[in-house]
Each structure stands twice: as structure tokens, then as C-alpha cells.
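**Q** Structure below; questions to follow.
The values are calculated or read from the model by the stated rules, or taken from the named source; none is laboratory data. For clarity, every value in this text was computed on a predicted model and none was experimentally measured. Glycine also receives a Cβ, built like all others from the backbone with ideal geometry; neighbour counts cover every protein chain displayed.
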Amino acid sequence: MERIPYLGQTIFKWRVGASSFLALPEKGARLMNWNITLGDGTVRDVVYWPEVGSLDDFHKIRGGNPILFPFSARTFDKGDINFWRADDGVRRPMPMHGFARDSTFRVTRLDEGGFSAVLVPGAAAKAAYPFDYEFVVSYRFEPTGLYVELQLTNHGPTPIPWSAGHHFYFTLPWTRGLTRRDYLLEIPATKTLRHSESGSLVDGPRLTNRETFDNPQLVDTIQAGLRGHTFAVTERDSGQRLRFNTAFSNTAAKDAVVVTWTGDANAPYYCIEPWMGPPNSPEHKTGLHLVGAGQTQKFCVEILLG
């Protein structure tokens, strides 16, 4: 593990086998980049990070893996965006994708295999989510993959709602000369959803379980009703794969979803986002998880090259 100066900050670099991982745990527990050195000596970026000149708006940079907590995407209260209402009936603010990606974290583990970091809630986070809790993000880095765990522990007397997720930016295409059409997304979904402008979930486009990334219908689509919790991206010519496995601890996985998104047709990345549930879970309750008093729940994602 190395400490590297970067735009006025100190970031960490792990070399594990042929893989290298870059992260800035104190800022949003953010994994920034994952790259791997291939047999011919070339380097392939797996998790995308752009060239930037400043980290002033770190949470807005389109790259790495922003952590979405306590809720993914947009929340609404009776049609009003960026609000939510808990069981106590109080309306509270909630920014897009929650507040973790814009929060300070305190590192609790930093070793040759990865890191763990605990959220330090600021004033805005406390106003939006006034519970007694501990939220920990943990990464374990492997020669051909990574494992990331989101853990929420309730230290208070009443249940805490959450529906967290990941916003992985993956470099696509992987190989020079190829296009999005050369990559196949395989997700065992039984239905697709969209998030309406009022906050409700509506039927999404008709997709098969095997779609190429040039299909514009994939953008901002929520794939739900998953049969199992393994999915993959495959480069069709070479057969190289990026495999995803998700798991839950102490809570049901029935409402888990995968969201696909990209900035535009020419963006050098495509986001593949495992979430605990669809957007606006506090209002419609689908994918909303409740952590009981004194309990802990976990949402885990493993990503493997193969």
C-alpha cells in the first residue's frame, strides 16, 4: 500500500497481484479507480476515473464508486423531490443519492488488503437522518476482483430505514477499437421499472436478459424481480467477463435491483449499479429495509474478472 499526493490530497494505492486500486477513504469512502496490468504489459482500467484538475467538488466527479446512503437516487414526499418522511410523520430533507458521497469518513482499518471507514455525520446529515447509528464501508481488494460491504448498525431504540447502493463507473469499451455493441449485459431480471417525475415506479422498457450496451433503453432503467443475485458483463469477441455477486445479511434480498446508466452515447464509462431496492423506497416501501434496535444489516457486492 502506498500514499500518493494527488491534487492537494493524499490518496492510497493498493497493488494486489496484477490489480491496482486507488481510493480516498476519508471523502465518501470512495474507491476511485481499479486497473489491471495484462499479460502483454498494457493496463486496462476496470473502474473508470477521469482526468480532473481539482477535487473541490469531489462528490460530483463522474468516476469511481460513489456510495449511495441512506437511500439511492431521488426521494419524494407527496410529489416534492428531495424530501422524505419517516414513520414519525416528520418531513425531512434528503439530497439525491443521500449524503454519504459528500460526507467525511473516519478510517478504522487500513492494511494491505483494503480499508474500512465509518461515516461521520455532519449537520446536514443529522438533519436528514436523525438516528443513532453507525454506517461502515469496507473494501477488500483481490488480484482479480474486489469485495465491498455496506454495514448499518442501529444503536437507538426504534427501527432505522435504509436502502443503500453503489454507483460503479466502469470503463467501456475495455478494448481499443471496440464499441458498446461488443459488450453483453446479462441480468436475470423478470421486470423493468422507471422512476417517474412524481416519485412513483412505472413500467420500464421491454428488455431481454441479454442486451448489448448500445441499446438506449438501458439508460436509467431499473432491472428488478431478480432470479438470483449474480449478473455479468461479457466482451463478446474475447469472452472476457466482469461478474457480479450480491448478498444481504439479516434482511431479505427480494427487492434488490440493478440500475444501468451513462452520461451519453460517447461517454467512456457505463454505470452498473447494484442497489438494495428501487428509488424512493421510503415512500412506496418497495426495497425499504428496517434495522431493528441493536441490530446490524449488511449489503455486500463482489466483482470478479474472469
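**Q** Could you identify the single residue in Trp34, Trp84 that is within 17 Å of Tyr129 (Cβ to Cβ) and assigned to a strand (DSSP E or B)?
**A** Result: Trp84 is the single residue among Trp34, Trp84 that is within 17 Å of Tyr129 (Cβ to Cβ) and assigned to a strand (DSSP E or B).
**Q** Show the residue pairs meeting these rules: Cβ distance below 9 Å; 6+ apart or different chains; first residue within the stretch 111-139 and within 14 Å of Gln151 (Cα to Cα); second residue assigned to a helix (DSSP H, G or I).
**A** Note: pairs meeting the criteria are Leu119/Ala100; Leu119/Ala125; Phe135/Ala100; Val137/Ala100.
Residues checked against (1) surrounded by fewer than 18 Cβ atoms within 10 Å (Cβ to Cβ); (2) in contact with a strand residue (DSSP E or B) (Cβ under 9 Å, 6 or more places away or on another chain); (3) basic (Lys, Arg); (4) over 23 Å from Thr251 (Cβ atoms):
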position: Phe99; (1), (2), (3), (4): no, yes, no, no
position: Arg106; (1), (2), (3), (4): yes, yes, yes, yes
position: Ala125; (1), (2), (3), (4): no, yes, no, no
position: Gly165; (1), (2), (3), (4): no, yes, no, no
position: Thr190; (1), (2), (3), (4): yes, yes, no, no
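**Q** Return the residues of the stretch 240-269 that are over 18 Å from Val46 (Cβ atoms), in a loop (DSSP other than H, G, I, E, B) and either hydrophobic (A, V, I, L, M, F, W, C) or touching a His at 6+ places or on another chain (Cβ under 8 Å) (or both); say none if nothing qualifies.
**A** Thr251, Ala252, Ala253, Ala256, Ala265
**Q** State the number of residues belonging to the stretch 71-97 that are within 12 Å of the chain's Cα centre (by Cα) and of a type outside the set (Phe, Trp, Tyr).
**A** Residues that pass the stated criteria total 3.
**Q** So, of the residues in the stretch 11-53 that are surrounded by 11 or more Cβ atoms within 10 Å (Cβ to Cβ) and among the polar types (S, T, N, Q), which turns out to be modelled with the lowest pLDDT?
**A** Residue satisfying both the conditions and the ranking: Thr37.
**Q** Here is a further query. Do the conditions hold for Ala73, that is, is it under 30 Å from His289 (Cβ atoms), among the small types (Gly, Ala, Ser), in contact with a Leu (Cβ under 8 Å, 6 or more places away or on another chain) and surrounded by 20 or more Cβ atoms within 10 Å (Cβ to Cβ)?
**A** no
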